[in-house]
Amino acid sequence: MPYCPQCLTEYEAGVETCADCGVPLVEGNPLFCPKCEEPVAENDTFCDHCGVLLLEEDDEKRPECAVHPDRPAIGGCIVCGKPVCEECANEVEGKFFCDDDRHLDVHQDYLLVFRTSAIYEAEMVRANLESAGLDVQVFDQHGHIYFVDIGEMARVNVMVRKDQYDQAREIIASILSSPGTDEGEERGEGEEESGERP
Ligand SMILES: [Zn+2]
Ligand SMILES: [Zn+2]
Ligand SMILES: [Zn+2]
Ligand SMILES: [Zn+2]
């Protein structure tokens, strides 16, 4: 049965998106990270919450460190997804970050609001959030050479400032719940206010 990786609600087969969280459902039974005990998806390389490597040590898909291609990664930056080895890992409160100090700040100030493996979907979400005046950061694993092997499993993380999270969630939920939203609908609302009435 598919379930929501965020709230762990189980859904009937055929449902694709969690009605509450607006995130894509994943197949199988809920799994938990051995390190932080937060829910993880079956085919995740790293835990979304703490960044620890979820694959077995001898798994072929185990990525190498982004800086040291001869060393296996022990985790991935929870902001940008970059794989880090023992030496490169910047572990803060049990969470993995890469060597980019800004990513720790991003983690403190921003929340992950949407994640997808489809770049166009992330761009659509970013465009909608930005047009609502939100502060958006997008981290795309597709651009990283070390994720070439996992191809379509590479993720795009869309993050927004913490204080704008609820607003962003609403916007995303409305995009995802109205298939075929192109233009039109979103535009309608804003104009009502300013439009003159006959
Ligand atoms: Zn959910
Ligand atoms: Zn974890
Ligand atoms: Zn990073
Ligand atoms: Zn390294």
query: What tally of residues in the range 74-88 results from selecting those that are part of a loop (DSSP other than H, G, I, E, B) and either within 11 Å of ligand 3 (Cβ to nearest atom) or hydroxyl-bearing (Ser, Thr, Tyr) (or both)?
result: 7
Scope the range 55-82; condition within 15 Å of ligand 2 (Cβ to nearest atom) and buried (at least 22 other Cβ atoms within 10 Å of the Cβ); matching residues: 73, 75, 76, 77, 78, 79, 81
statement: Here the qualifying pairs (Cβ atoms under 9 Å; residues six or more apart or on different chains; first in the range 12-33 and free of Cβ contacts under 8 Å to residues at least 40 places away in the same chain and closer than 10 Å to residue 1 by Cβ; second charged (D, E, K, R) and in a loop (DSSP other than H, G, I, E, B)) come out as 25/16; 27/42; 28/42; 29/42
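Where a number appears in this text, it was derived from the coordinates with a stated rule and is not lab data. It should be emphasised that the depicted structure is a prediction, and the values quoted were computed from it without experimental measurement. Cβ coordinates were reconstructed from backbone atoms using ideal geometry, including for glycine residues, and neighbour counts include every protein chain displayed.
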